[in-house]
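The values are calculated or read from the model by the stated rules, or taken from the named source; none is laboratory data. What you are looking at is a predicted structure, and each value in this text was computed from that prediction instead of being measured. As a convention, Cβ positions derive from the backbone with ideal geometry for all residues, glycine included, and neighbour counts pool all protein chains shown.
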């Protein structure tokens, strides 16, 4: 695993300057693709909604499950660390012999650890 942290530009910065994409490691680019696809789906749903009874309708939250490799890239830990600590994490499951993590809960878990 690379010890050097990856600086990920914002989506606004990437949209404004597509050449920044060339600075991303391939695994980070893959993780961003998944994020953008999830965001695109939610934005499309929101754009199609409009308002109901004078109040804004809400886009339903969906569970997104990350493979260990995706989670490791996203949270800058090793896949081995994830496997070794899966019982401590609130959101892991095994599906078809692959270890998966619920992204929203994993984000909250890592965020709560960084605050300490």
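When segment 65-94 is examined, which residues are found to be surrounded by fewer than 14 Cβ atoms within 10 Å (Cβ to Cβ) and part of a strand (DSSP E or B)?
Correct list: 93, 94.
Do you know which residues across segment 7-24 are more than 19 Å from residue 39 (Cβ to Cβ) and in a helix (DSSP H, G or I)?
Result: 19, 22, 23.
Can you spot a residue in segment 40-57 that is modelled with pLDDT of 75 or more, under 12 Å from the mean Cα position of the chain (by Cα), in a helix (DSSP H, G or I) and surrounded by fewer than 16 Cβ atoms within 10 Å (Cβ to Cβ)?
no
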